[in-house]
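Engineer: What follows is a structure written as structure tokens; I'll ask about it next.
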Amino acid sequence: MKESPWPMVLDGLLFREAVESDLDALVSFRNDPGVNHFMVRTYVDPDDLHREWLAVPSSPTDYSCVVERDGQVVAMGFLEIVDGAGQPGHPTGTEGVIGYIVDPRAAGQGIGTVTARALLRAAFDGLHLRRVTAAANADNLASVGVLERAGMRRERHALKALWHRERGWLDEVGYALLDDEWAARNGETAHT
């Protein structure tokens, strides 16, 4: 059985694995039209979402979490371990990809930034990953701000890289952080 970096408390928010009673809340804000304005996958079947979240504890690569404030689920965080690029025989399982969705009723309260920081802490301090990446639509200024406030560095701006049914081709920005950058920021030694 995998060792989870959750639960974690950071800035008054509880980060934990999802339980079945969380799933209706997750569906409600995941399929919110305002949220979907910036999502490539603009609708998630509730049954599929339930299956995906209930499978997280048994997945060897998925360390997604729910974010709770005062007993209410206010966001979800995604942390997936992936293999980086390289020649055959390169180390595997050393990179992570993070993402987050905040309940629109809790937007603008710093929850996204704290969630990104918690995901980075879980990736570097809990899972000892070497590199973490994240991406956002370039015009999603709230998400871009979250990644920058969390301390990630912009690595790319891809023109017309994502297709959105209602909005056409969209630019995407990519962010990253290395374990030694994380360690230097936190006064630690990198794990690699």
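Engineer: With +1 on the Cβ of every Lys and Arg and -1 on the Cβ of every Asp and Glu, and nothing else charged, how large is the dipole of segment 89-142 about its Cα centre, in debye rounded to the nearest 20?
Structural biologist: 120 debye
Engineer: Using a 10 angstrom cutoff on alpha carbons, build the Gaussian network for the chain and name the most mobile of Tyr100, Tyr43, Tyr175.
Structural biologist: Ranking Tyr100, Tyr43, Tyr175 by mean-square fluctuation puts Tyr43 first.
Engineer: Determine the distance separating the Cα centre of segment 1-27 from the Cα centre of segment 130-192; give it in Å without decimals.
Structural biologist: 23 Å
Engineer: Ranked from the most accessible area to the least, with a 1.4 Å probe and all protein chains present, what is the order of Thr92, Thr61, Thr115?
Structural biologist: Highest to lowest solvent-accessible surface, that is Thr92, Thr61, Thr115.
Engineer: How large is ³J(HN,Hα) for each residue in segment 18-24, as worked out from phi by the Karplus curve 6.51 cos²θ - 1.76 cosθ + 1.60 (θ = phi - 60°), to whole Hz, x for Gly and Pro?
Structural biologist: Ordered by residue, 3J(HN,Hα) equals 6, 10, 4, 5, 7, 5, 5 Hz.
Engineer: What does the helix-only formula give at 222 nm for the chain: each DSSP H stretch with n ≥ 4 adding -39500 (n - 2.57), the total divided by the residues, and the result rounded to the nearest 500 deg cm²/dmol?
Structural biologist: The helix-only estimate for the chain comes to -7000 deg cm²/dmol at 222 nm.
Engineer: Additional query: For a test of the definition: using alpha carbon positions, the gyration tensor, and the 1.5 limit on a/c, classify the chain as rounded, prolate or oblate.
Structural biologist: rounded
Engineer: Right, something else. Using only the heavy atoms of the protein chains and a 1.4 Å probe, how would Arg69, Arg105 rank by accessible area, largest first?
Structural biologist: Largest accessible area first, the residues go Arg105, Arg69.
Engineer: For segment 39-101, report the accessible area per residue in Å² (1.4 Å probe, heavy atoms, rounded to an integer).
Structural biologist: 52 Å²
Engineer: Accessible area per residue, 1.4 Å probe, Å², for segment 107-181: what's the number?
Structural biologist: 46 Å²
Engineer: A follow-up question, please. Give a residue-ordered list of calculated ³J(HN,Hα) values for segment 144-157 (Karplus: 6.51 cos²θ - 1.76 cosθ + 1.60, θ = phi - 60°; whole Hz; x for Gly, Pro).
Structural biologist: 4, x, 4, 5, 6, 5, 6, x, 7, 10, 6, 10, 7, 9
Engineer: I'd like the accessible area for Met39: 1.4 Å probe, protein heavy atoms, all chains in place, Å² to the nearest 10.
Structural biologist: 50 Å²
Engineer: Now, a different point. Please say if segment 87-188 is rounded, prolate or oblate, where rounded means a/c under 1.5 for a ≥ b ≥ c the square roots of the C-alpha gyration tensor eigenvalues, and otherwise the choice is prolate for a/b larger than b/c and oblate otherwise?
Structural biologist: In terms of gyration-tensor shape, oblate.
Engineer: Leaving ligands, DNA and RNA out of it, report the carbon-plus-sulfur percent of the accessible area of the chain at a 1.4 Å probe.
Structural biologist: Carbon plus sulfur share of accessible area: 53 percent.
Engineer: Same structure, new question: Using the Karplus curve 6.51 cos²θ - 1.76 cosθ + 1.60 with θ = phi - 60°, what ³J(HN,Hα) values do you get for each residue of segment 56-70, in whole Hz, with x for Gly and Pro?
Structural biologist: Karplus-based 3J(HN,Hα) across segment 56-70 equals 3, x, 9, 7, x, 10, 9, 10, 5, 8, 9, 10, 10, 10, 6 Hz.
Engineer: Report the GluC sites (Glu not before Pro) located in segment 131-182 that are in a DSSP loop and have at most 14 other Cβ atoms inside 10 Å of their Cβ, or state none.
Structural biologist: Here the sparse-neighbourhood loop sites are Glu166.
Engineer: Hey, rough spin-label estimate for Glu166 and Arg105, points 7 angstrom out along Cα→Cβ, what's it come to in nanometres?
Structural biologist: Distance between the two pseudo-spin positions: 2.1 nm.
The values are calculated or read from the model by the stated rules, or taken from the named source; none is laboratory data. Everything numeric in this text was worked out from a predicted model, so none of it was measured. When we count neighbours, we look across all protein chains shown, and the Cβ atoms used for this are built from the backbone with ideal geometry, even at glycine. Surface areas here come from the heavy atoms of the whole protein model, side chains and all, with no ligands, DNA or RNA. Shrake-Rupley method; radii C 1.70, N 1.55, O 1.52, S 1.80 Å.
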